[in-house]
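Visitor: Shown below is the structure under consideration.
The values are calculated or read from the model by the stated rules, or taken from the named source; none is laboratory data. The model shown is predicted, which means the values in this text are computed figures rather than measured ones. Glycine gets a Cβ as well: all are built from the backbone with ideal geometry, and neighbour counts include every protein chain shown.
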Amino acid sequence: GAGVSQSPSNKVTEKGKDVELRCDPISGHTALYWYRQSLGQGLEFLIYFQGNSAPDKSGLPSDRFSAERTGGSVSTLTIQRTQQEDSAVYLCASSLRRAQPQHFGDGTRLSIL
Amino acid sequence: GENVEQHPSTLSVQEGDSAVIKCTYSDSASNYFPWYKQELGKGPQLIIDIRSNVGEKKDQRIAVTLNKTAKHFSLHITETQPEDSAVYFCAASATNKLIFGTGTLLAVQP
């Protein structure tokens, strides 16, 4: 069946621009997660959505980062005023519900010039 | 804070040999321990997981062991094949988020 879908697969933008990354979770999965993978920091948690509950934003590195999940399905991660240190692969995962196995998409590779 | 240490960072084995990757976690509340395989340009793929009420789990050539007292868990791959070559990540979770180890680059030499 269809897995987690992320778009775009690659994004190159200039420092200071805003970017939006999209995630389509596996159908029927109520939990959705964003992680960031970079050479210096490894794989780090950013934000978690579960149904209609308030998201866990504890991993967002600064107030330039925000995410939303509309209609309990698609999610977008927005980075405002991008900086070079934002360059990384942004991974989305979904799980059937809380505390169930997480399944990842192939990520968006973000490069800030 | 929460931390997961993973060793070794690189591992080279001959085809047919076994490979073992070890992880240690710091948060005693952790109760879920998945292992992921990541190939170049792809997202992490879940290969096996274990919960804290079980000491060992096996799936064909892959097994995971958990020692809660020592806060250690390990991945064992037997009869390695060239297609097992990839980066492997351990992770631990006490709540919703996964805390990942730093990864092991496994190279299986034909």
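Visitor: Can you tell me which residue within the stretch B:20-46, out of those that are touching a residue at least 24 places away in the same chain (Cβ under 8 Å) and in contact with a Phe, Trp or Tyr (Cβ under 7 Å, 6 or more places away or on another chain), is nearest to the other protein chains (Cβ to nearest Cβ)?
Guide: In this case the residue turns out to be B:P44.
Visitor: If a residue has to be exposed (fewer than 13 other Cβ atoms within 10 Å of the Cβ) and farther than 26 Å from A:R98 by Cβ to count, how many in the stretch B:16-38 make the cut?
Guide: 2
Visitor: Could you list, in sequence order, all residues of the stretch A:63-82 that are within 18 Å of A:F45 (Cβ to Cβ), loosely packed, with under 13 Cβ neighbours inside 10 Å and touching a Lys or Arg at 6+ places or on another chain (Cβ under 9 Å)?
Guide: None - no residue of the stretch A:63-82 is within 18 Å of A:F45 (Cβ to Cβ), loosely packed, with under 13 Cβ neighbours inside 10 Å and touching a Lys or Arg at 6+ places or on another chain (Cβ under 9 Å), so the list stays empty.
Visitor: Now for a separate question. Cβ-Cβ under 8 Å, sequence separation 6+ or interchain: first residue in the stretch A:42-62 and without any contact (Cβ under 8 Å) to a residue 60 or more places away in the chain and surrounded by fewer than 17 Cβ atoms within 10 Å (Cβ to Cβ), partner part of a strand (DSSP E or B) and among the acidic types (D, E). Which pairs?
Guide: From the stretch A:42-62, the pairs are A:G59/A:E44.
Visitor: So which pairs qualify, if the first residue must be in the stretch B:83-110 and away from chain A (no Cβ under 13 Å) and outside any strand (DSSP E or B), the second must be buried (at least 18 other Cβ atoms within 10 Å of the Cβ) and not β-branched (V, I, T), the Cβ gap must be under 7 Å, and the two must be at least 6 apart or on different chains?
Guide: If the second residue must be buried (at least 18 other Cβ atoms within 10 Å of the Cβ) and not β-branched (V, I, T), the pairs left are B:D84/B:L106; B:S85/B:L106.
Visitor: Looking only at strands (runs of 3 or more DSSP E) that fall completely inside chain A, which ones have 2 or more residues that are hydroxyl-bearing (S, T, Y) and either under 22 Å from B:I47 (Cα atoms) or in contact with a His (Cβ under 7 Å, 6 or more places away or on another chain) (or both)?
Guide: Correct list: A:31-38, A:88-95.
Visitor: Name the one entry in A:L110, A:L91 that is out of contact with any Leu (no Cβ under 7 Å at 6 or more places or on another chain), within 14 Å of chain B (Cβ to nearest Cβ), under 29 Å from B:K37 (Cβ atoms) and at pLDDT 95 or above.
Guide: So the residue among A:L110, A:L91 that is out of contact with any Leu (no Cβ under 7 Å at 6 or more places or on another chain), within 14 Å of chain B (Cβ to nearest Cβ), under 29 Å from B:K37 (Cβ atoms) and at pLDDT 95 or above is A:L91.
Visitor: Here is a follow-up. Given the residues B:T69, B:T65, B:T102, which is the only one that is β-branched (V, I, T), over 25 Å from A:G107 (Cβ atoms) and surrounded by 14 or more Cβ atoms within 10 Å (Cβ to Cβ)?
Guide: B:T65
Visitor: Kindly establish whether A:T108 is more than 21 Å from B:F89 (Cβ to Cβ), surrounded by 13 or more Cβ atoms within 10 Å (Cβ to Cβ) and hydroxyl-bearing (S, T, Y).
Guide: No.
Visitor: One residue is enough: does the stretch A:26-40 have a residue meeting the conditions more than 9 Å from chain B (Cβ to nearest Cβ), surrounded by fewer than 20 Cβ atoms within 10 Å (Cβ to Cβ) and without any contact (Cβ under 8 Å) to a residue 24 or more places away in the chain?
Guide: Yes - at least one qualifying residue is present in the stretch A:26-40.
Visitor: Quick check: is even one residue across the stretch B:19-37 under 17 Å from B:S85 (Cβ atoms), among the small types (G, A, S) and either within 15 Å of the chain's Cα centre (by Cα) or assigned to a strand (DSSP E or B) (or both)?
Guide: Yes, the stretch B:19-37 contains at least one residue that is under 17 Å from B:S85 (Cβ atoms), among the small types (G, A, S) and either within 15 Å of the chain's Cα centre (by Cα) or assigned to a strand (DSSP E or B) (or both).
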